[in-house]
Amino acid sequence: MSFQEKYPRPYYAKYEPVDIGNDFGWFQVYRLPGDVFAITEQRHCEEVTSFLIPGDEKALLWDTGEGFYDITAVARELYNGEIIAANSHSHFDHIGCNHRFDCVLAYDDPQAFYTAERGAPHALFGNLLEADMFAGDLPEGLDPETFSVPPYRICPVREGDEIDLGGRVLEVIHTPGHSSDSMMLFDRTHGILFTGDTIYDAAMYAHFNCPEFGYSNVDDYIASMEKLISRKGDIRALYCSHNDLIVPPSRIQDVADALKAVKSGTVLQHLGVEPEQQYLEDGSVLTKCVFEDFSIVCRI
Ligand SMILES: [Zn+2]
């Protein structure tokens, strides 16, 4: 089934929509428990979500979206004060408006610096800018022949760093696996873990192996899950950067178990990966390992 046939996805109806003055006909915003806004881009097949996390003194924008429209204009409608930005990792669909900030917090990893210097060149988008990757019209002003994400500046953060927004502190947790620069933010007050692409309710990717997309690593991925499991008593909800917005914390253990099954070769159900999901990779060795609620794409 094509992306267009799946649109609109039913799971967004679970959440409280927020009307904003100018959504560009593109963004749809939801208010989530714990005073967090999800800014979704559900008309593109990536279905990426950025989160605005308000504090008493400033707000943090967790990823800056695809860059087809200015997400900072949406964030400013939702928060009247200073807004800083941080990246879950530096894949192209999370960094689109990074250049609109003086500096974006990113994990201190070579992948984050590599992408910041270059932005996301047009070639990285592959077929993702073709008309059938969008529900409805293409974004106004988007030239699918030339679109790219400009370079930007990052301010590196490291494991255990705390970002104080005033009345809300976000802790940096390094979670390599999907990419070496993947990190999560943990809001201890509300028990919310912002997971980026490392955990979400769809196919998770652990196969990247080139400088443009960085390097996935199943062993690192497992270690990241073990680190989260050691803190599971504090985690009440996972706020994810693609597809459904909130996933229960039990998913951490499920993903850990799945990755271990992948590594040990005991996964029963394997499927090929569609060509459009191969990105820049050669594709010949990619496998999609299917589990009950999600799948993992890797090189086995
Ligand atoms: Zn990613």
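Here are the numbers for the structure shown:
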item	result
Test: residue in segment 135-146 that is touching a residue at least 12 places away in the same chain (Cβ under 8 Å), within 16 Å of the ligand (Cβ to nearest atom) and more than 21 Å from A120 (Cα to Cα)	no
Of all residues making up segment 187-210, the number that are surrounded by 20 or more Cβ atoms within 10 Å (Cβ to Cβ) and on the phi < 0 side of the Ramachandran plot	14
Residues within segment 154-180 that are in contact with a Lys or Arg (Cβ under 8 Å, 6 or more places away or on another chain), in a strand (DSSP E or B) and in contact (Cβ under 8 Å) with a residue 40 or more places away in the chain, tallied	3
D109 being within 14 Å of the ligand (Cβ to nearest atom) and either at pLDDT 95 or above or farther than 21 Å from F208 by Cβ (or both)	yes
Search result, residues across segment 181-212 that are in a strand (DSSP E or B) and under 14 Å from the mean Cα position of the chain (by Cα)	M183, M184, L185, L193, F194, T195, G196, A203, M204, Y205
Those residues of segment 192-249 which are of a type in the set (G, A, S) and either in contact with a Cys (Cβ under 8 Å, 6 or more places away or on another chain) or within 13 Å of the ligand (Cβ to nearest atom) (or both), in sequence order	G196, A202, A203, A206, G214, S216, S241
Enumerated strands (runs of 3 or more DSSP E) restricted to segment 18-105, each holding at least 1 residues that are within 16 Å of the ligand (Cβ to nearest atom) and hydrophobic (A, V, I, L, M, F, W, C)	49-54, 58-62, 82-86
Residues of segment 176-191 satisfying the condition of being within 16 Å of the ligand (Cβ to nearest atom) and over 11 Å from S216 (Cα atoms)	M183, M184, L185
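The values are calculated or read from the model by the stated rules, or taken from the named source; none is laboratory data. Note that the structure is a prediction, hence the values are computed from the model and not measured. Methodologically, a virtual Cβ is constructed for each residue, glycine included, from the backbone with ideal geometry; neighbour enumeration extends over all protein chains shown.
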